[in-house]
Amino acid sequence: MLEIKDLHANINGKEILKGINLTIKEGEVHAIMGPNGSGKSTLSAVLAGNPNYEVTKGSASFLGKNLLELSPEDRSREGLFLSFQYPVEIQGVSMVNFMRAAVNEHRKYKKLPALSASDFLKLMRERKEFVELDNSLANRSVNEGFSGGEKKRNEIFQMAMLEPRLSILDETDSGLDIDALRIVANGVNKLKNPHSSTIVITHYQRLLDYIKPDIVHVLYKGQIVKTGTPDLALELEERGYDWIKKELGE
Amino acid sequence: MEEQSYIDLYKTHAETIKSKSSDILNAFRDEAFADFEKNGLPSPTSERYRYSDLKKSYGINYGLNINRLPIQINPSDIFRCDVPGIKSHLFYVVNDSFFLDKNAENLPKGVIICGLNEAAEKYPELVRKYYAKQAQKHNDPNVSFNMTFAQDGFFMYVPKNTEIAEPIQLINIMSGNADIMANSHNLIILEENAKAKLLVCDHSLKDFNFLSNRITEVFVGENATYEHYKLESTGEKHTNICNLLIEQQKSSNVLTNIITLHNGLTRNNIDICLMGEYAETKLCGMAIGNGCQKIDNATNIDHAVPNCTSNELFKYILDEKSKGTFFGRVLVRKDAQKTASFQTNKNMCLSADATMYTKPQLEIYADDVKCSHGATTGQLDENALFYLRSRGISEREAQLLLLQAFTADITENITVGALKDRVKMLVESRLRNEQPKCTACAICK
């Protein structure tokens, strides 16, 4: 589904990703862990097409297409979804208008007719159940005045609306209390199907108790330095990253 | 025409001008002319008109209809307003001549709406009591010029304890087969406890050079409620000068919303004087510019007495080589304690060539007040754009969503539901770079 080869990327001239290699197959859940500043969020931003980052080398293909050539909107329409670590507040744009525009652009891309207003509202009602969001959501401005937990639930709600093939959850657990974490993780699990894949970026094992990964990677200084089974996450939780640094000869 | 040509024009034709107008209007004419002769046309060298070269606009050789020749036009043939669901009483001022609507008879008892000249003839006491009461205090070259030449306009009177439920709609149309100038003077009076809404739509019908210089004096009585909407969609060769002067008595409530959708060169001079305690005023507006359009709003809110509230919000979206100016003065006089006054100006420059001049000016002489002001000029939020795009929304649509959101707190201030929906739609089509069209309006077709 996703194949990244020797990916290098800069922000403001500073190289953050220094040769990422990663292959994700249909149905797999990959966890990416790593110390602060290792490039985890940069990787997710580059995959989603954030124009602030410049890819200097390497390739990434998604469902057979050259991902790096696609605009952010086309990446989304092709089925890539990024759950933002810091969802953006957009004053004056209501959730309902935002989601209607997004869903209908996805449908247009697939050459499907736009949803009728009633079908759309029905879909919205149904999907917000996944993350237990309340009814006032539709008319509120995007993320404006949302609590940290609501923002993350809202990300997963959008994921439920767009039904992506590949979801990248960038520290979706940060800023969540235990209950919210459970709701968010349950939402992600309910949306899981044999054809969809997930990349979970996190610092903590806690989230991985709920969203069980098949493979765990350690990202350090812009490269994937270790790949293992879910046990690797448990080991990191217990021992930290120093032993990995030692293995790398630091 | 040059300044001197206008001076000569008046000197030569003063008698004609006066003979075709009412004595009440004429009573101020010579004095206004003396001011005009002394101060001249609005000059870009003056601080007040620094960013809008009106002198250049006045410089065109316009025709003035000082002989009051009837205009061979039936405005309702060319203009049918189609705001779905809006029931309004329609009136027209074509150039500077007033036209009556056939629905005028359905107005509540005691309400008078007619041409200013007709009102001066039929209700001289009423007109004399108010006419020029605010304008004559205004030391402004456009006001002096208007009062030198204006011969007619729109008159509206809402007596005590009377409410006009449906909005009154005044359509200002500039039309003709030559370059034309129009000076009109509108007088709006709301007595104690009266309630009314006025929607003023400015249009230009043909692609000649037009200059309209209009004064609207509004007197809002004690406890009265008034809403004034100005919706402008004029052509690029139209210079539109609007002098809106509002005086508010005790506990009155006024909402003013000035929306410039499309224009050539527009100057709005808006002066609101809070003369009675506990008066409240909300003044907002927005402008969308592209091409070489120029939108200049100069506002002045005068807190003359204690315990009044003013809220001001202006927003501009400027693209290409358009130019916006916002000059917002708030004056809190020495005795105006417990004043609450808030002013905000937010602007979006979408191109490197668009220019915005903003000058908030608070003058506070009282010491127990709550006042704030803020002005920002910037571009669309890149993080928000990326967020929207990352959900599959194209860059263009994402920009539109953000721009519509930017204008939302102005359009939300429209209390007539049908009008609000229509304005939102017009804003959207304008942002999509389509000419704003009111579907059934022959002017827009």
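The values are calculated or read from the model by the stated rules, or taken from the named source; none is laboratory data. The structure displayed is predicted, hence computed values, not measured ones. Ideal geometry is used to build each Cβ from the backbone, glycine not excepted, and the neighbour counts take in all protein chains shown. Ligands, DNA and RNA are stripped out before the accessible areas are found, and what is left, the full protein with its side chains, is counted by its heavy atoms. Shrake-Rupley method; radii C 1.70, N 1.55, O 1.52, S 1.80 Å.
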Open item on the list: Defining a contact as two alpha carbons under 8 Å apart and six or more residues distant in sequence, what relative contact order in percent does chain B show?
Closed with: 11
Open item on the list: Given R₀ = 56 Å, what would the calculated FRET efficiency be for B:ALA375 paired with A:GLU237, taking r from the Cβ atoms and rounding to 0.05?
Closed with: 0.65
Open item on the list: Through the Karplus equation 6.51 cos²θ - 1.76 cosθ + 1.60, θ set to phi - 60°, convert the phi angles of region B:299-309 into ³J(HN,Hα) values in whole Hz; use x for Gly and Pro.
Closed with: 10, 9, 10, 10, 8, 8, 9, x, 6, 9, 10
Open item on the list: Restricting to bridges with both residues inside chain B, how much of the DSSP beta-bridge set is antiparallel, in percent to the nearest 5?
Closed with: 5
Open item on the list: What's the magnitude of the charge dipole for region A:2-247 around its Cα centre, counting Lys and Arg as +1 and Asp and Glu as -1 at the beta-carbon? Answer in Debye, nearest 20.
Closed with: 560
Task: Test item: B:375-385 mean partner chain Cβ contacts at 10 Å - done: 2
- [ ] Within a 10 angstrom radius of each residue's Cβ in A:88-96, how many Cβ atoms of other chains show up on average? Whole number is fine.
- [x] 6
TODO: Report, largest value first, the span of the C-alpha coordinates of region A:148-216 along each principal axis, in whole Å.
DONE: 30, 27, 17
Task: Greater than 19 Å apart at Cα, pairs in A:LYS14/A:LYS57; B:LYS321/B:LYS420; A:LYS14/A:LYS40 - done: B:LYS321/B:LYS420
- [ ] Taking amide H positions as placed in the peptide plane 1.01 Å from N, state which residues far from B:HIS228 in sequence (5 or more) or on other chains have amide H under 5 Å from it.
- [x] B:LEU198, B:LEU255, B:THR256, B:ASN257
Open item on the list: Looking only at the protein assembly as shown, where both bridge partners belong to it, what percent of the DSSP beta bridges are antiparallel (to the nearest 5)?
Closed with: 15
Task: FRET efficiency, 1/(1 + (r/R0)^6) with R0 45 Å, evaluated for B:ASN61 and A:ASN193 via beta carbons - done: 0.05
Task: Accessible area (Å², 1.4 Å probe, nearest 10) - B:SER233 - done: 20
Open item on the list: I need the Kirkwood Rh of chain B: take the reciprocal of the average 1/r across all distinct C-alpha pairs and report it in angstrom.
Closed with: 22.2
Task: Estimated distance in nm for a label pair at A:ALA117 and B:ASP8, the labels positioned 7 Å out from Cα along Cα-to-Cβ - done: 6.2
Task: Å² per residue, accessible surface of the protein assembly as shown at 1.4 Å - done: 41
Task: Residue-by-residue Karplus 3J(HN,Hα) for region B:149-156, coefficients 6.51, -1.76, 1.60, Hz, glycine and proline x - done: 10, 5, 10, 7, x, 10, 10, 9
Task: Flagged links, alpha-carbon separation over 31 Å, of B:LYS133/B:LYS323; A:LYS65/A:LYS221; A:LYS5/A:LYS246 - done: B:LYS133/B:LYS323
Task: Relative contact order (%) - criterion: Cα under 8 Å, at least six apart; region: chain A - done: 28
- [ ] Could you list the residues of region B:274-291 with an amide nitrogen less than 13 Å from a label point located 7 Å from the Cα of B:TYR365 in the Cα-to-C-beta direction?
- [x] none
Task: Two-site label geometry, B:ASN383 and A:ARG182: point separation in nm, points 7 Å out along Cα→Cβ - done: 3.2
Open item on the list: What Kirkwood Rh does the protein assembly as shown have if only Cα atoms enter the pairwise 1/r average? Answer in Å.
Closed with: 28.6
Task: Normalised contact order of region B:324-445, rounded percent, pairs of Cα under 8 Å and 6 or more residues apart - done: 20
- [ ] For B:THR358, list long-range residues whose amide hydrogen, built 1.01 Å from N in the peptide plane, is under 5 Å from its own amide hydrogen.
- [x] B:PHE326
Task: DSSP loop GluC sites (Glu not before Pro) with at most 12 other Cβ within 10 Å excluded, longest remaining stretch of chain B - done: B:3-411
- [ ] At 7 Å along the Cα-to-beta-carbon direction for both A:LYS212 and B:LYS424, put a label point, then send me their distance in nm to one decimal.
- [x] 4.7
Task: Sum of -39500 (n - 2.57) over DSSP H runs of 4+, divided by residues of chain B (222 nm, nearest 500) - done: -6500 deg cm²/dmol
Open item on the list: With the cut-off at 19 Å, tell me which of the pairs B:LYS315/B:LYS370; B:LYS56/B:LYS237; B:LYS137/B:LYS250; B:LYS195/B:LYS282 have Cα atoms farther apart than that.
Closed with: B:LYS315/B:LYS370; B:LYS137/B:LYS250
TODO: Just tell me which aspartates and glutamates come within less than 16 Å, Cα to Cα, of B:LYS18; anything on the same chain fewer than 8 places away is out.
DONE: B:ASP8, B:ASP30, B:GLU31, B:ASP96, B:GLU118, B:GLU121, B:ASP152
Task: DSSP beta bridges in region A:2-247 [antiparallel fraction, %, rounded to 5] - done: 60
Task: Spatial separation of Cα centroids for region B:328-342 and region B:359-381, in angstrom - done: 12
Task: Probe 1.4 Å, all protein chains present, accessible-area order of B:LEU64, A:LEU7, largest first - done: B:LEU64, A:LEU7
Open item on the list: Heavy atoms of the protein only, probe of 1.4 Å, neighbouring chains included. What is the accessible area of A:ARG206 in Å², nearest 10?
Closed with: 90
Open item on the list: Once ligands and nucleic acids are excluded and a 1.4 Å probe is used, how much of A:VAL55 is accessible, expressed in Å² to the nearest 10?
Closed with: 50
TODO: Report, by chain and number, residues whose modeled amide H sits under 5 Å from the one on B:GLN169, excluding near sequence neighbours (fewer than 5 apart, same chain).
DONE: B:HIS89, B:LEU90, B:PHE91, B:LEU199
Task: Alpha-carbon Rg/Rh ratio, for region A:2-247, with Rh computed the Kirkwood way - done: 0.96
Open item on the list: Can you tell me the length gained on complete extension of the stretch A:THR227 to A:SER136, counting 0.36 nm per residue apart and subtracting the Cα distance?
Closed with: 28.5 nm
